[in-house]
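See below for the structure under consideration.
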Amino acid sequence: MSERGSRREGVVTEVGSRSVRVWVEDDDAQPGSGDAATSSGATDDRSASAAGHELRCTLRGNLWNEERDESRPVAVGDRVDVLVEGPDDGVVEAVHERSNRLARPQPAGRDGSRAGARGKGRGGRTNLRQVVAANLDRLVIVTALVDPPFRAGLVDRFLVKADMEGIDPVVVVNKVDLEPDGVELAAALLEPYAGEGVPLFVTSAETGLGIDALRAEMSEGISLLVGHSGVGKSSLLNAVSPGLRLGVGRVTDHHGRGRHTTTRVSLKRLAAGGWVVDTPGIREFGLDDIPAAELARLYPGFGTLPDACRFNDCLHRDEPDCAVVAALESDELDPERYEGYRRILEEVEGGG
Ligand SMILES: Nc1nc2c(ncn2[C@@H]2O[C@H](COP(=O)(O)OP(=O)(O)O)[C@@H](O)[C@H]2O)c(=O)[nH]1
Ligand SMILES: [Mg+2]
Ligand SMILES: [Zn+2]
């Protein structure tokens with residue numbers, strides 16, 4: 001427990017409308033031994049673990065005054081300074097500088113068609129960004145071999161987004177148990193990414209294949225899993241850390257419909273170390289802020305080809321002396337890779 005009046009550093013695990021939850025290490029825990037909960041296994045107890053406990057905190061008023069483009073002053077994953085006020089509560093006094101943030105337009109803006117009904121009546125907030133999480137150490141892009149079918153386009157979008165936001169990506173192909181040659185098929189799908197320095201995982205949450213490797217990868221820092229609904233994100237997390245007991249096969253909605261425009265996310269500790277951002281469902285991240293010429297360089301699978309184009313801002317369409325198109329025409333570049341690029345390019349140019 002933390003002593004009343006003491007100041008502690010912690011990490012924000014949940015952001016509510018009136019208070020936030022902050023996890024702080026216990027006084028007797030060795031500094032930096034945040035993974036000491038390993039031996040206790042389950043981490044489903046939200047209020048405490050072997051190494052620390054959560055404080056319910058209000059926010060110092062001045063945190064709201066800072067000029068920012070965000071709807072809230074803190075986000076899940078933020079490191080904060082807390083003034084301890086009681087065994088279970090405190091006040092967030094300062095938010096540390098972030099290494100990165102994953103944000104999307106506040107619903108009712110670009111995404112108006114889907115969230116518009118809920119966003120109405122909150123006019124004037126449409127320029128704000130909703131920070132999904134801060135200080136992410138990796139973006140775990142989860143796909144399924146089948147059911148739902150693998151979509152390279154989605155992987156590419158997330159890889160581009162991860163690059164833009166300064167978050168290290170990893171790619172997982174799950175559900176390989178559903179096909180006789182699943183492992184080989186998955187490896188073939190991952191082939192285009194092999195040279196990109198991105199860790200690749202072939203898994204089955206059902207049989208446990210590849211889970212040890214994924215657990216090791218996620219055992220430090222904060223991970224966020226993204227991917228289409230039904231690919232097995234919750235199942236993988238349950239396999240990696242059984243104590244989480246996340247709901248499987250359903251889309252969780254923590255809120256009654258229409259009450260909030262935000263999606264409640266939380267940070268959960270993994271039994272083997274590390275944290276995971278648990279989110280009811282991040283459908284997509286905006287690609288609205290990517291300049292088209294930058295996309296061409298971030299797009300996975302082109303390697304150093306863009307460097308050989310005549311023009312620095314080549315979009316690899318019909319520009320003269322384009323090395324990408326040349327590689328395509330000489331069969332050195334997979335046509336599907338190229339088509340995926342053209343699809344995203346059109347989205348980016350269409351203004352989202
Ligand atoms: N056969 C098989 N089924 C899986 C696997 N992973 C998840 N599932 C099933 O796929 C469905 C969706 O899983 P879920 O974890 O809820 O996906 P999420 O929407 O990405 O969180 C559930 O019925 C799971 O039991 C897997 O590796 N193999
Ligand atoms: Mg799920
Ligand atoms: Zn080019």
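Throughout, read-outs are computed from the coordinates displayed, never taken from laboratory work. Remember, it's a predicted structure, so these values are computed and weren't measured experimentally. FYI the Cβ positions are ideal-geometry reconstructions off the backbone, even for glycines, and counts take in every protein chain you see.
Stretched out straight at 0.36 nm per residue, the stretch from residue 246 to residue 206 would grow longer than its current Cα-Cα span by 12.9 nm. When only alpha carbons of region 292-349 are considered, Rg and Dmax amount to 10.1, 27 Å.
FRET efficiency for the pair residue 98 and residue 213, taken as 1/(1 + (r/R0)^6) with r the Cβ-Cβ distance and R0 = 35 Å, rounds to 0.75. Using the average count of surrounding beta-carbon atoms within 10 Å as a protection proxy, the listed peptides 149-155, 137-143, 10-16 rank, highest first, as 137-143, 10-16, 149-155.
Summarising the amide proton neighbourhood of residue 103: residues at separation of 5 or more, or on other chains, whose placed amide H is nearer than 5 Å comprise 132. The Cβ shell under 10 Å around residue 101 holds other residues with a net charge of -1, Lys and Arg each +1, Asp and Glu each -1.
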